[in-house]
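Structure first, then comments.
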Amino acid sequence: MPLPSIESLLSGLDRTCMDALGDSIQYSAAGAAYATVRGYVDHREAGRAFDNATAMVQDIIVVVLRADVPVKPGGAARVALPQFADRTFQPVNARTDESGTHWEFEVREVAGG
């Protein structure tokens with residue numbers, strides 16, 4: 001019996017890791033109802049240059065499985081994060097990760113949610 005390859009195990013590994021380590025987030029595709037999906041939420045600070053000054057801003061990067069969010073997240077989608085229960089965000093700069101099995105995107109707060 002041949003040994004399994006990493007490619008044959010990848011979807012199961014992705015799901016197991018996301019279910020065990022991911023955050024519960026609320027995701028709504030354009031105009032759809034919110035659904036709970038698991039995702040990695042990375043909060044980091046980054047320096048942004050403005051003329052002759054640099055300001056520190058918080059960047060939030062969200063990673064979700066493409067199996068859970070089959071359509072590339074766009075500006076009409078909405079995301080609610082557990083750390084910011086009273087705020088609503090939209091995905092920006094969506095792209096696939098290096099494995100091609102996840103979507104990665106930053107979020108921008110939506111006024112009036």
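The values are calculated or read from the model by the stated rules, or taken from the named source; none is laboratory data. Just so you know, these numbers come straight off a predicted model, no measurement behind them. Quick reminder, even Gly has a Cβ in these numbers, built from the backbone with ideal geometry, and neighbours come from all protein chains shown.
Summary table
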read-out	value
Residue identified as over 30 Å from SER8 (Cβ atoms), crowded, with 16+ Cβ neighbours inside 10 Å and of a type in the set (Phe, Trp, Tyr) among PHE89, PHE50, PHE84	PHE89
Segment 1-42, subset out of contact with any Phe, Trp or Tyr (no Cβ under 7 Å at 6 or more places or on another chain) and polar (S, T, N, Q), residue nearest to VAL62 (Cα to Cα)	SER24
Selected residue (only one of SER99, SER28, SER11 is of a type in the set (S, T, N, Q) and without any contact (Cβ under 8 Å) to a residue 60 or more places away in the chain)	SER28
Residue within segment 47-58 that is within 30 Å of GLU7 (Cβ to Cβ), free of Cβ contacts under 8 Å to residues at least 24 places away in the same chain and out of contact with any Gly (no Cβ under 8 Å at 6 or more places or on another chain) present	no
Any chance GLY39 is within 12 Å of the chain's Cα centre (by Cα) and either surrounded by 11 or more Cβ atoms within 10 Å (Cβ to Cβ) or on the phi > 0 side of the Ramachandran plot (or both)	yes
Output for segment 49-108, where each listed residue is within 12 Å of the chain's Cα centre (by Cα) and at positive phi	ASN93
Residue selected from segment 98-113 under the condition closer than 30 Å to SER8 by Cβ and either touching a Gly at 6+ places or on another chain (Cβ under 9 Å) or modelled with pLDDT of 95 or more (or both), by the criterion surrounded by the most Cβ atoms within 10 Å (Cβ to Cβ)	PHE105
Among residues of segment 35-66, those that are part of a loop (DSSP other than H, G, I, E, B) and modelled with pLDDT of 95 or more, counted	1
